[in-house]
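First up is the structure itself, then whatever we jot down about it.
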Amino acid sequence: MPNTAVVLKTTHLTLNSVDISDWCSKIELTTEVDEKDVTTFGSAGWMEVLGGLAKGTLAVTFKNDYVDNELDEDLWAIFGTVVTFATRPTSASASTNNPSYSGSVLIKELKPVNGSVGDVAEMDVSWPTSGAVSRATS
């Protein structure tokens, strides 16, 4: 089987139905399931585990933009709320080679001013998913 590695160049992210890809320099969607120990005395000395509740995190690095009706204003308006998100490896439509992952996230943190003298105004945020994360290919 040939290697079909992908270089992320046009990764897509919508938040609250607004395409914010142009302000993102890093997008990371992590999903995991809690590990539940079900080991008994009959387990022959080996630990046994099952998957419990699933959860996820959407981590994003933004290049801040303070222009009227742009990123800073949009994010400030949804701070503290649960909104929908969708992300894909490329900006092309969802397909078997470009799956879309979607769900909801709690906008629990913002860093509207972040950096040192001479730095690019950017912020790293990490938002927990709320409910299921779905994967679609169409």
Accessible area (Å², per residue) of segment 1-126, counting only protein heavy atoms and a probe of 1.4 Å
67
Protection proxy ranking of 104-113, 1-10, 44-53 - average other beta-carbon atoms within 10 Å, highest first
104-113, 44-53, 1-10
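Contour minus end-to-end for Val49 and Thr90, with contour as 0.36 nm per residue of separation and end-to-end as the Cα-Cα distance?
Length difference between fully extended and current span is 11.2 nm.
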One finds, for Asp34 and Asn69 with R0 = 41 angstrom and r their Cβ-Cβ distance, a FRET efficiency to the nearest 0.05 of 0.50
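Hey, what number do you get for the chain at 222 nm if only DSSP H runs of n ≥ 4 count, each worth -39500 (n - 2.57), divided across all residues, to the nearest 500?
Value at 222 nm, helices only: -1500 deg cm²/dmol.
With a 1.4 Å probe and all protein chains left in place, how much of the accessible area of the chain comes from carbon and sulfur atoms, in whole percent?
54
The values are calculated or read from the model by the stated rules, or taken from the named source; none is laboratory data. It should be emphasised that the depicted structure is a prediction, and the values quoted were computed from it without experimental measurement. Using ideal geometry, Cβ is built from the backbone for each residue, glycine included, and neighbour counts are taken over all protein chains shown. Keep in mind that these areas ignore ligands, DNA and RNA; they rest on the heavy atoms of the full protein, side chains included. Shrake-Rupley method; radii C 1.70, N 1.55, O 1.52, S 1.80 Å.
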